[in-house]
1. Multiply the residue separation of ALA64 and MET122 by 0.36 nm, subtract the distance between their alpha-carbon atoms, and state the gained length in nm to one decimal.
2. Identify all aspartates and glutamates with a Cα-Cα distance to LYS19 below 13 Å; exclude those on the same chain that are fewer than 8 residues away in sequence.
3. Exactly which trypsin sites (Lys or Arg not before Pro) in segment 73-126 are in a DSSP loop and have at most 14 other Cβ atoms within 10 Å?
4. Using only the Cα atoms of segment 82-138, build the gyration tensor, take square roots of its eigenvalues as a ≥ b ≥ c, and label the shape rounded, prolate or oblate: rounded if a/c is under 1.5, else prolate if a/b is larger than b/c, else oblate.
5. From the phi of every residue in segment 109-119, what ³J(HN,Hα) in whole Hz does the Karplus formula 6.51 cos²θ - 1.76 cosθ + 1.60 yield, where θ is phi - 60° and glycine or proline is x?
Amino acid sequence: MTMSMLRMILSSHGDVTTKFYSVDGTFTDEHATARWMDSFSAACLAMGRDTTVAPRLGAMLEDAGFENTHSECIKTPLGPWARGGHFRELGMMNLVLTLDGLEALSLKLFSELLKRTETEIMAELAAVRTELTTCSGGAFHAMFDM
């Protein structure tokens, strides 16, 4: 490959931020889900994993010497609250994936890195599940970025 060919390589990268938020203020740090996400991020940092890379990917590529980069933030709903069939389905899929993954994402990390008992973890997860299944229809409009 010549140097000019190397300059024309197209690369695509994607990541998801693990921090939910709402633009209308209905999802706050007081929610059980927000507290769980803070704990998850703390556990990941304790093992050397940064959960806040997604918003910085574009700048990281430029810092590494890539030219003509394009970075885009895509807001993605959590739950079926969004208007429009596509976004409502996407939000429902994200809710199902979040609920299905809660225990798997939490047990080992929270017990070993945050030194929580299984009882404490399961109680926190129950609060998060309850909140997500009762509030996602409209009590709060959480979303995350891709």
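1. Numbers: separation 58, 0.36 × 58 = 20.88 nm, distance 4.18 nm.
Value of the extension gain: 16.7 nm.
2. Candidates past the 8-residue exclusion: ASP29, ASP38, ASP50, ASP145.
3. Numbers: sites: LYS75, ARG83, ARG88, LYS108, LYS115, ARG116; in loops: ARG83, LYS115, ARG116.
Here the trypsin sites (Lys or Arg not before Pro) that fit, given the DSSP loop and packing criteria, are ARG83, LYS115.
4. On the way: a/c = 4.41, a/b = 2.37, b/c = 1.86.
Prolate shape, in that a/c is at least 1.5 and a/b is the bigger ratio.
5. Residue by residue, segment 109-119 yields 4, 6, 6, 7, 9, 9, 6, 9, 7, 4, 4 Hz.
Every read-out reported here was derived from the displayed coordinates using simple, explicitly stated rules and does not represent laboratory data. This one's a predicted model, so the numbers in the text were calculated from it and none came from an experiment. Cβ sites come from the backbone with ideal geometry, for glycine too, and all protein chains shown count toward neighbours.
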